[in-house]
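Every number in this text was worked out from the coordinates using simple rules, so none of it is lab data. No experiment lies behind these values; they were computed from the predicted model shown. Please note: Cβ atoms are built from the backbone with ideal geometry, for glycine as well, and neighbour counts cover all protein chains shown.
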Amino acid sequence: MEGKNTKPKKLIFGGTGYLGKYMVKASVSSGHNTFVYARPVTQNSRPSKLEIHKEFQGIGVTIIEVTSLLNYLDLLCNWGSLDIRPYF
């Protein structure tokens with residue numbers, strides 16, 4: 001499997017929250033492909049949320065935005081076969 005990305009993947013729910021942002025940074029520092037499942041940024045979002053989204057994008061984090069309950073259920077059903085471990 002040469003050439004295949006073998007870095008572990010981490011999916012973090014609530015990664016833009018107080019504790020979650022530390023988990024995200026630790027995951028990236030450990031060399032993991034890191035995914036954050038978060039509510040979308042809107043015009044009413046706090047400036048701190050906008051800043052954390054920009055920071056995460058700058059360090060290579062993939063942000064998956066929650067748009068509906070169906071989006072969440074789709075994630076759980078279709079991503080189950082991938083090598084992703086959710087951290088709540």
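Considering the conditions (1) surrounded by fewer than 18 Cβ atoms within 10 Å (Cβ to Cβ); (2) among the β-branched types (Val, Ile, Thr); (3) within 13 Å of Val61 (Cα to Cα), Val24 is excluded by exactly one of them, (1). The set of residues in the stretch 9-49 being without any contact (Cβ under 8 Å) to a residue 12 or more places away in the chain and under 13 Å from the mean Cα position of the chain (by Cα) consists of Gly17, Tyr22, Ala26. Selection of the stretch 21-71 for residues being charged (D, E, K, R) and part of a helix (DSSP H, G or I) yields Lys21, Lys25, Lys49, Glu51, Lys54, Glu55.
Scanning the stretch 19-35 for residues that are within 13 Å of Pro8 (Cβ to Cβ) and of a type in the set (Val, Ile, Thr) yields Val28, Thr34.
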